[in-house]
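Since the structure comes first, as structure tokens, the remarks are kept for the end.
The values are calculated or read from the model by the stated rules, or taken from the named source; none is laboratory data. Here the structure is a predicted model, which is why all the values come from computation and not from measurement. Every residue, glycine among them, receives a Cβ derived from its backbone with ideal geometry; neighbour counts consider all protein chains shown.
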Amino acid sequence: MIAASVRATRSAAIAALLLALAFARPSAAPSAFFADYRDGAAIDEHLDALAAEHRDVARTYGIGRSSEGRLIRVIEVGRGDIAIAIDGGHHAREWISVMTPACIADRLVRGDASDPRIHRILDRARFAIVPIVNPDGYAYTWTTDRTWRKSRRGGHGVDLSRNYPVGWGTAGSSDDPASPNYRGEAPFSEPETRAMRDLFDTRAFAAHVDFHSYSQVIVYPWSHRRDDPPDRDRLALLAERTRAAMTATHGERYTVRAGSELKTGAGGTAGDWSYGHHGALSLLVELRPSSGAGGGFELPPDQIVPTCDEALAGVLALAETLIE
Ligand SMILES: [Zn+2]
């Protein structure tokens, strides 16, 4: 009887251990910081503190200032020479697109010491992560208008995701300052996109992931024209690896689309520029939710961590594809 119950206890313990291993996250436990949405100052402070605690693998620095003078921050993570750019928050109301790259940075930094897979990737790759490309617009969504999309330039704002020079002025953009897709007076007329330009001038990025929300779609160039890019097959493969890893994490369905297949094109996006001008393999990832029913831009805070889990899995798969 006693022997049997010891055996039962031991096998229950082993089963629990196996279960824990099967469900182990690919990195350190998520910080409580990501239990809710945070404003720009809180995110900057969090990332600065994180980098200060892990100087061996991370550092933060500014790449420019917004129209209203806010510092646009990068957190750089890794020791390798394969450069990967990640950004979010071009569109102010897409709050999950800000929290996700901040959370990916957090997971990478903490995972370096605790997760052999992340450690191996950080030996080969170096991530430059800009969680808030549009800090003025993001601040405005916290103080004044939750649905604001653009920067705050001149009060009317500019759609920063239409201000890059490749395909500037074409489909899906407007020359009317009142339009939500106002492209600005000229390519790189905005300090926020110039900050991204300056970042890309510092090194050759092999890949670039531009987070947005929503619709759970991964889009590869071109977005401003209808033909296939020269690297269509590599882009499609990278997008598919990313998609498969994202979907496998929590079973959320993500799909892959060539930008040229989308009903409405978009000229002047970050991705068409980083690919077209710099040759970075570029993906635009539309995060949760899958549809706008129930408020597409207001993803419940309890979905920040699961969205981060799947986006991190996608980024790790992307990095491993480049390392292969
Ligand atoms: Zn967007």
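Quick rundown of the values:
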item	result
Single residue of the stretch 163-173 satisfying the filter (surrounded by fewer than 23 Cβ atoms within 10 Å (Cβ to Cβ) and modelled with pLDDT of 95 or more) that is nearest to residue 224 (Cα to Cα)	168
Some residue of the stretch 142-162 being in a loop (DSSP other than H, G, I, E, B), of a type in the set (Gly, Ala, Ser) and buried (at least 17 other Cβ atoms within 10 Å of the Cβ)	yes
Residue in the stretch 123-170 that is nearest to the ligand (Cβ to nearest atom), counting only those that are of a type in the set (Gly, Ala, Ser) and under 21 Å from residue 267 (Cα atoms)	161
Residues of the stretch 227-280 satisfying the condition of being modelled with pLDDT under 95 and touching a Gly at 6+ places or on another chain (Cβ under 7 Å)	264, 265, 266, 267
Residues within the stretch 174-222 that are under 16 Å from residue 130 (Cβ atoms), surrounded by 17 or more Cβ atoms within 10 Å (Cβ to Cβ) and of a type in the set (Val, Ile, Thr), tallied	2
Long-range neighbours under 6 Å by Cβ, at least six apart or interchain, first residue farther than 24 Å from residue 85 by Cβ and modelled with pLDDT of 95 or more within the stretch 133-146, second buried (at least 20 other Cβ atoms within 10 Å of the Cβ) and of a type outside the set (S, T, N, Q)	140/148; 140/152
Enumeration of residues in the stretch 95-122 that are out of contact with any helix residue (DSSP H, G or I) (no Cβ under 9 Å at 6 or more places or on another chain) and either among the aromatic types (Phe, Trp, Tyr) or within 16 Å of the ligand (Cβ to nearest atom) (or both)	97
Among (1) over 16 Å from the mean Cα position of the chain (by Cα); (2) at pLDDT 95 or above; (3) closer than 30 Å to residue 115 by Cα - the single one residue 324 does not satisfy	(2)
Number of the condition not met by residue 75 [criteria: (1) more than 16 Å from the ligand (Cβ to nearest atom); (2) surrounded by fewer than 21 Cβ atoms within 10 Å (Cβ to Cβ); (3) in contact (Cβ under 8 Å) with a residue 40 or more places away in the chain]	(2)
1 or more residues within 16 Å of the ligand (Cβ to nearest atom) and either acidic (Asp, Glu) or without any contact (Cβ under 8 Å) to a residue 40 or more places away in the chain (or both): qualifying strands (runs of 3 or more DSSP E) within the stretch 186-304	205-213, 281-287
